[in-house]
1. Any residue in the stretch 85-96 that is within 25 Å of I25 (Cα to Cα), modelled with pLDDT under 90 and touching a strand residue (DSSP E or B) at 6+ places or on another chain (Cβ under 6 Å)?
2. For the stretch 5-40, how many residues are in contact with a strand residue (DSSP E or B) (Cβ under 8 Å, 6 or more places away or on another chain) and exposed (fewer than 13 other Cβ atoms within 10 Å of the Cβ)?
3. Would you point out which residue out of E75, E95 is assigned to a helix (DSSP H, G or I) and acidic (D, E)?
4. Condition first: of a type in the set (K, R) and either within 18 Å of the chain's Cα centre (by Cα) or not in a helix (DSSP H, G or I) (or both). Now tell me which residues in the stretch 34-68 satisfy that.
5. Do any residues in the stretch 10-38 that are touching a residue at least 12 places away in the same chain (Cβ under 8 Å) have Cβ atoms under 7 Å from those of residues that are of a type in the set (D, E, K, R) and in a helix (DSSP H, G or I), where the two are at least six apart or on different chains, and which pairs are they?
Amino acid sequence: MDTSAPWLDVFNPLLASALLVAGLICMLTRRRVVKQLIGLNIMLQGAILNLLDAGRVHGDLATPQGLIVSALVAETMVTAIALALVVNVFRYHPEGLVDDMDSLKG
């Protein structure tokens, strides 16, 4: 454990939890697809910060770094696929509301 910055023991978990909650609230309360995607990315950043803080607390940064790189790659792929789907949604429903997606059934 890093004794030079004891405030990190409180600040990092609180910030990570705040990011997770903010992203979840954004996903649940927003009706537009793009805003929900932004909420998903905020949640993923909170999860990555949790991984990094867990590694710092346990004194082993090698494992969390590998997990973080994997999470960033997965996040990039999810975001790219979601943005491609959002473009399709905006072709048929320019408002981009989630409620309008029922008519996209094929």
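1. Checking the stretch 85-96: at least one residue is within 25 Å of I25 (Cα to Cα), modelled with pLDDT under 90 and touching a strand residue (DSSP E or B) at 6+ places or on another chain (Cβ under 6 Å).
2. 1
3. From the options E75, E95, the qualifying one is E75.
4. The one that is of a type in the set (K, R) and either within 18 Å of the chain's Cα centre (by Cα) or not in a helix (DSSP H, G or I) (or both): K35.
5. Pairs that qualify, where the first residue is touching a residue at least 12 places away in the same chain (Cβ under 8 Å) and the partner is of a type in the set (D, E, K, R) and in a helix (DSSP H, G or I), are N12/D53; P13/D53; A16/D53; C26/K35; R31/D99.
The values are calculated or read from the model by the stated rules, or taken from the named source; none is laboratory data. In this text, all values refer to a predicted model and were calculated from it rather than measured experimentally. Heads up, the Cβs are rebuilt from the backbone with ideal geometry, glycines too, and the neighbour counts pull from every protein chain shown.
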